[in-house]
Amino acid sequence: GRLWKSIVEVRLKTEACNLRRLKLSGALHLERLCGQILPGDPTNVEANAAHYYWPRLFKDFIRTKRGAEDPINTRLNYGYAVLRAIVTKELVALGLNPGIGIKHRNATNTMNLADDLMEPFRFVVEHQVSKLNLDVEFKGHAKLDVLGFLDSSISSAGFNYRLIPAIRELAVSYIRVLEGRTECLSLPTGWGRDEFEE
């Protein structure tokens, strides 16, 4: 429960970070919600925060996971699928079973742990999608544009990382937790220093 609490806190903090970067309202409310998260998030603060976050990030928007055809959801779903694949690859490379999750425990899901550990990085996909031209057909260059999130600079444990090394650092810290060498995950805290200098 404690590990999931820290993941949910980071999810909310990075959502707030996105709203601030995009000069949108609502960041302070999300940061305040962090103080209400209990181990395991039994009161579902994460879901309540999502209901608050999405309409502020995208006007008149409803988040749809399966079968979405609108331009925002199709791009988010594509970006998340790529992110999930990258997290899964890093977990397998380190010898972790991506099916044994922290919070996600669906017996038919072979990527429970990947679903857990991708949560803190979703914000980079969301920020990328918020910058895109949504009027173009979603193929070819439009798909490549979504993948711009792969170049993100992320701050984690006081260091700057590109996305994939940041994911690897989180996965390695999870191994340290399992081995009893630490109690904390190396979670991203937001954008790295060289981001948004234009």
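The values are calculated or read from the model by the stated rules, or taken from the named source; none is laboratory data. In this text the structure is predicted, and so the values were computed from the model without any measurement. Glycine also receives a Cβ, built like all others from the backbone with ideal geometry; neighbour counts cover every protein chain displayed. Quick note on the areas: whole protein, heavy atoms, side chains included, nothing else; ligands and nucleic acids left out. Shrake-Rupley method; radii C 1.70, N 1.55, O 1.52, S 1.80 Å.
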Query raised in the report: What aspartates and glutamates could a cross-link reach from Lys5, if we take a straight Cα to Cα line under 20 Å and drop same-chain neighbours fewer than 8 places away?
Result: Glu15, Glu31, Asp41, Glu46, Asp115, Asp116, Glu119, Glu169, Glu179, Glu183
Query raised in the report: What residues have an amide H closer than 5 Å to that of Ser153, excluding those fewer than 5 places away on the same chain, when H is modeled at 1.01 Å from N in the peptide plane?
Result: Gly192
Requested in this report: Percent of Cα-Cα pairs per 10 Å bin, from 0 to the last occupied bin, for segment 55-135, please list those.
Outcome: 18, 44, 28, 10, 0
Query - Subset of Lys59/Lys131; Lys89/Lys131; Lys23/Lys59 violating a 18 Å alpha-carbon distance limit - result: Lys89/Lys131
Requested in this report: Could you provide, to the nearest whole Å², the per residue accessible area of the chain with probe 1.4 Å?
Outcome: 52
Requested in this report: Would you kindly state how much longer the chain becomes between Trp54 and Thr110 on full extension, computed as 0.36 nm times their sequence separation minus their alpha carbon distance, in nm to one decimal?
Outcome: 17.4 nm
Report summary line: Residues other than Asp41 with Cβ under 9 Å of its Cβ, Lys/Arg counted +1 and Asp/Glu -1, net out at +1
Query raised in the report: Given (i) 176, 39, 26; (ii) 49, 37, 36; (iii) 60, 38, 26 as candidate values of Cα extents along the principal axes in Å, which corresponds to the one derived from the coordinates?
Result: (ii)
Report task. Calculate the dipole size of segment 43-198 relative to its Cα centre from +1 charges on Lys and Arg beta carbons and -1 charges on Asp and Glu beta carbons; express the result in debye to the nearest 20. Result -> 400
Query raised in the report: With the dipole of segment 68-198 worked out from charges on the C-beta (+1 for Lys and Arg, -1 for Asp and Glu) around the Cα centre, which of Ser155, Ile86, Phe121 lies farthest toward the positive end?
Result: Ile86
Query - Spin-label model distance (nm) - Val82 vs Ile164, 7 Å beyond Cα toward Cβ - result: 1.3
Requested in this report: Give the relative contact order (percent, whole number) for segment 94-182; include only Cα pairs under 8 Å separated by 6+ residues.
Outcome: 18
Requested in this report: Kindly express, to the nearest 10 degrees and within the range 0 to 90, the angle between helix 2-21's C-alpha long axis and the longest C-alpha principal axis of the chain.
Outcome: 20
**Report entry** Accessible area of segment 106-154 belonging to carbon and sulfur atoms, whole % at 1.4 Å probe
**Finding:** 50
Report task. Please report, as a whole percent, how much of the solvent-accessible surface of segment 1-78 comes from carbon and sulfur atoms (probe radius 1.4 Å). Result -> 52
**Report entry** Residue list for segment 61-98, given a label point 7 angstrom along the Cα-to-Cβ vector of Leu24 and an amide N cut-off under 18 Å
**Finding:** 61-65, 70-80
Report task. May I ask you to list the residues of segment 90-120 whose amide nitrogen lies under 16 Å from a point 7 Å from Cα along the Cα→beta-carbon direction of Val172? Result -> 90-96
Requested in this report: Over all directions, average the projected area of the Cα convex hull of segment 74-186 and note it in nm².
Outcome: 7.8
Requested in this report: Please label the shape of segment 140-198 as rounded, prolate or oblate, based on the square roots a ≥ b ≥ c of the eigenvalues of the alpha-carbon gyration tensor (a/c under 1.5 means rounded; beyond that, a/b larger than b/c means prolate, else oblate).
Outcome: oblate
